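For reference, the structure is listed below as structure tokens.
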Amino acid sequence: MVRKIGILGVSLLCLASIISCEKDLNDIGTGIVKNTKFNTNQIDLELEITPIDLEVDSNGNPSAIRADNINTPVSEYWLGVYNSKDYKTVESSFISQLGFVTDLKTADVKPVEKDGDIDSVFILDKVLLKLPYKSTSKGKESDGKPKFQLDSVLGDPTIATSLKIIRNGTFLNTFDPTNPSKNNSFLSNHTYIEDEVLNEDPGFSFKPNPVDTMFIFTRSSSTGVTFKDTIKLSNKAPFLTVPLKMNRMKELFWDKFNDSEFSSSQALNEYFRGIYTKAEGNNGSMVPLSLLGTSESASLEFYYTITRFEKKEGITNSVYKDTVPTKFSFPLTGLRNAKYKMSPATNNIPSDNFVIQGTTGSMSKIKVLGVNLAKLKLNDPNNTILKHEAKDKNNDGYLDLEELADIKDLANDQYGLLVNDAVLSFYINQTVNTDKNILPQKLHLYLNKDNGNGGITPTQISDTYKESNTYGGNLTLSDDKPERYTFRITDYVASLFDKSSTDFAPLVLKVYNNPTDATVKNRAVDLNVESYNWNPRGVTLLDENEAANGTKRAVLKISYSEKK
């Protein structure tokens, strides 16, 4: 039996011996069989492309994707509104629990009795939600101040985006309430109880700006003295600050720091169930945030000032000693989930095109129809594949993958078709997509495998781990313009042709999500493809229509060799 020929080499099992095999296949330096005993040719397999709307299932019912961090670390949470006009408008928000904080002291309870004793008076100055942007240092401005560039801003940052900070009323349970032995999950369209808006300004809006590297506010001492203070990140990077209602946050937090609600992480999350950071609007911009649970990441912060008085010998009343500005910081850690609200695109999809968009945008099912025999007779009448026309068992005019794989059963043809290369390319509509920086930098291809129970199991293609260096999927440029995404799936197709696999399931094309779409996780191969996607980018691709798209139509090109 003949085994597949990959692009990195050839592995053949000959019926006679390894020596006789090498005599037959004496010209395989490039992985392509070319000698007196084999014919080499190429065939184009036509495709059928069917869009998949990620907001509805196959029955038209509401659907969504995973967006929580229960089973996987989510590397990006986006905030804002992205209206590209060519793709669904995305309103991206997130919900997060608060990390537990100890030693929450708001009053000095020790009596002042002897000389040197200190009496401290605490004044709450400001309550802020601090959301650092993901940014890259670009050196310094002309005045010496640090210069930054915000990473991956999508949309129009000159249009303000409405932002509400809401007290979440939905308990975020890590375990499934119906079966505590299993992990819970939260989809991107989960409905949350919105207890109350906590913004100091109910009409608050923001425009992401790389120069937002500080926030200035007023502090007060108990003696009535006020002074300005400035908040900066230690790396002086840009961040978004949202002032919250002082009186309400004082009631909810400050006045209860010594109560049982703040005695443990569990008690805190049952009492205050998290922050719902909700972006709204039909236009604006969207940015990824840093939610890593470090001092430089998102946090709910209580800025307060301690005025200290000291007992001095011979003086009845304590005298002013100093003023200490400080803060309590609750990191946005624990269970988190992204929330996506999608609206239809403004522009229609061009005819003979299809759209791939992340978050809850769209994917596409890619069905391989096969070799169009009538077209092959017209364009390439000498192609040796035509002698196998009888393999078209369903008489549909195509030799599909399963029928091509059956060719090896011909009398006196032990080898069948040897797959040298199998390449699937999707060309970009360069009229719609002119900016390479806002496109998905990678797409992903996987199998919708029949699980035998009436459903499907999204499964990785073997090339993603067996031929990972050449599998592809990355955005390819031509003259610095976005051109195509190419997938080399030689191992997968060859395994069908040599019948080591019988999985002829449809392929699915989606926006690649890092790291959840990676096949190798923790040094082990994971064949399951999860439904996570927090990448909001979209791309318009040319479909399989040859009359409209010519040589840039979507096809599966197979280079093969066949024994004469």
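The values are calculated or read from the model by the stated rules, or taken from the named source; none is laboratory data. These numbers were taken from a predicted model, which means no experiment stands behind them. No Cβ is skipped: glycine too gets one built from the backbone with ideal geometry, and neighbour counts run over all protein chains shown.
Going by what's in this entry, would Glu22 be described as outside any loop (DSSP other than H, G, I, E, B), charged (D, E, K, R) and at pLDDT below 85?
Numbers: outside any loop (DSSP other than H, G, I, E, B): yes; charged (D, E, K, R): yes; at pLDDT below 85: yes.
Yes, satisfied.
For Thr457, all conditions in the list (1) in contact with a Phe, Trp or Tyr (Cβ under 9 Å, 6 or more places away or on another chain); (2) in a strand (DSSP E or B); (3) not aliphatic (A, V, I, L, M) hold save one; what is the number of the exception?
(1)
For region 271-298, which residues satisfy the criterion of being at pLDDT 95 or above and not in a loop (DSSP other than H, G, I, E, B)?
Listed by number, the residues that qualify are Tyr271, Ile275, Tyr276, Thr277, Lys278, Ala279, Glu280, Ser285, Met286, Val287.
Right, Asn420: in a loop (DSSP other than H, G, I, E, B) and assigned by TED's automatic domain parsing to the domain that holds Lys37 or not?
Considered against the rule, which asks whether it is in a loop (DSSP other than H, G, I, E, B) and assigned by TED's automatic domain parsing to the domain that holds Lys37, Asn420 comes out as no.
Every residue, every condition in (1) part of a strand (DSSP E or B); (2) under 32 Å from the mean Cα position of the chain (by Cα); (3) free of Cβ contacts under 8 Å to residues at least 24 places away in the same chain, yes or no:
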position	(1), (2), (3)
Arg219	yes, no, no
Ser222	no, no, no
Lys236	no, yes, no
Leu240	yes, yes, no
Pro243	yes, yes, no
Asn258	no, no, no
Glu261	no, no, yes
Asn269	no, yes, no
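Among (1) modelled with pLDDT under 95; (2) assigned to a loop (DSSP other than H, G, I, E, B), where does Tyr87 come up short?
Of (1) modelled with pLDDT under 95; (2) assigned to a loop (DSSP other than H, G, I, E, B), only one is false for Tyr87: (1).
Looking at (1) part of a strand (DSSP E or B); (2) touching a Ser or Thr at 6+ places or on another chain (Cβ under 6 Å); (3) closer than 29 Å to Leu289 by Cβ, which is the one condition that is false for Pro482?
Of the numbered conditions (1) part of a strand (DSSP E or B); (2) touching a Ser or Thr at 6+ places or on another chain (Cβ under 6 Å); (3) closer than 29 Å to Leu289 by Cβ, the odd one out for Pro482 is (2).
Which one is nearest to Gln441 (Cα to Cα), of the residues in region 487-505 that are in a loop (DSSP other than H, G, I, E, B) and among the hydrophobic types (A, V, I, L, M, F, W, C)?
Ile489
Just the residues that are assigned to a loop (DSSP other than H, G, I, E, B), polar (S, T, N, Q) and in contact (Cβ under 8 Å) with a residue 40 or more places away in the chain, please, taken from region 521-564.
Across region 521-564, the qualifying residues are Ser531, Asn533, Asn535, Asn545.
With Pro536, Pro506 as the choices, which residue is within 30 Å of Ser351 (Cβ to Cβ) and either surrounded by 20 or more Cβ atoms within 10 Å (Cβ to Cβ) or touching a Phe, Trp or Tyr at 6+ places or on another chain (Cβ under 9 Å) (or both)? Before the answer, list the steps.
Working: Pro506 fails: either surrounded by 20 or more Cβ atoms within 10 Å (Cβ to Cβ) or touching a Phe, Trp or Tyr at 6+ places or on another chain (Cβ under 9 Å) (or both).
The unique qualifying residue is Pro536.
Tell me, which residue of region 55-76 that is charged (D, E, K, R) and over 11 Å from the mean Cα position of the chain (by Cα) is surrounded by the fewest Cβ atoms within 10 Å (Cβ to Cβ)?
Step one: of region 55-76, the residues charged (D, E, K, R) are 55, 57, 66, 68, 76.
Among the residues that remain, those that are also over 11 Å from the mean Cα position of the chain (by Cα) are: 55, 57, 68.
Numbers: Glu55: 19, Asp57: 12, Asp68: 22.
Going through the qualifying residues, I end up with Asp57.
Can you tell which of Leu404, Leu447 is part of a helix (DSSP H, G or I) and under 22 Å from Tyr560 (Cβ atoms)?
Checking each option against the conditions leaves just Leu404.
Would you be able to say whether some residue in region 475-492 is crowded, with 23+ Cβ neighbours inside 10 Å and without any contact (Cβ under 8 Å) to a residue 24 or more places away in the chain?
no
Does Gly116 satisfy being at pLDDT below 85 and at positive phi?
Here the answer is yes, as Gly116 does meet what is asked.
Of the residues that sit in region 485-516 and are in contact with a helix residue (DSSP H, G or I) (Cβ under 8 Å, 6 or more places away or on another chain) and of a type in the set (Lys, Arg), which one is farthest from Leu541 (Cα to Cα)?
For region 485-516, the residue satisfying everything is Lys499.
Answer yes if at least one residue in region 468-480 is modelled with pLDDT under 90 and farther than 27 Å from Asp53 by Cα, and no otherwise.
no
Kindly provide the set of residues from region 332-348 that are farther than 17 Å from Ser93 by Cα and either surrounded by 18 or more Cβ atoms within 10 Å (Cβ to Cβ) or basic (Lys, Arg) (or both), ordered by number.
Passing the criteria: only Ala345.
Let me spell it out: the conditions are (1) more than 27 Å from Glu55 (Cβ to Cβ); (2) under 26 Å from the mean Cα position of the chain (by Cα), and Thr191 meets all of them except one. Which number is the exception?
Among (1) more than 27 Å from Glu55 (Cβ to Cβ); (2) under 26 Å from the mean Cα position of the chain (by Cα), the lone unmet condition for Thr191 is (1).
Checking the conditions here, which among Ile193, Ile216 is farther than 30 Å from Ser63 by Cα, touching a Ser or Thr at 6+ places or on another chain (Cβ under 9 Å) and exposed (fewer than 15 other Cβ atoms within 10 Å of the Cβ)?
From the options Ile193, Ile216, the qualifying one is Ile216.
Could you pull out the residue among Asn247, Asn199 that is of a type outside the set (Gly, Ala, Ser), in contact (Cβ under 8 Å) with a residue 12 or more places away in the chain and out of contact with any Pro (no Cβ under 7 Å at 6 or more places or on another chain)?
Residue meeting the stated conditions: Asn199.
If Ser495 satisfies every condition in (1) within 26 Å of Ser559 (Cβ to Cβ); (2) modelled with pLDDT of 95 or more but one, which is the exception?
Condition not satisfied by Ser495: (2).
Search region 191-213 for residues being assigned to a loop (DSSP other than H, G, I, E, B) and in contact with a helix residue (DSSP H, G or I) (Cβ under 9 Å, 6 or more places away or on another chain), and hand back the single one that is farthest from Arg336 (Cα to Cα).
Applying the filter and picking the extreme gives Glu200.
Can you tell which of Ser495, Ser501 is surrounded by fewer than 24 Cβ atoms within 10 Å (Cβ to Cβ) and either closer than 29 Å to Val153 by Cα or without any contact (Cβ under 8 Å) to a residue 40 or more places away in the chain (or both)?
On inspection, the qualifying residue turns out to be Ser501.
Count, please, the residues in region 172-190 that happen to be in contact with a helix residue (DSSP H, G or I) (Cβ under 8 Å, 6 or more places away or on another chain) and of a type in the set (Lys, Arg).
Final tally of qualifying residues: 0.
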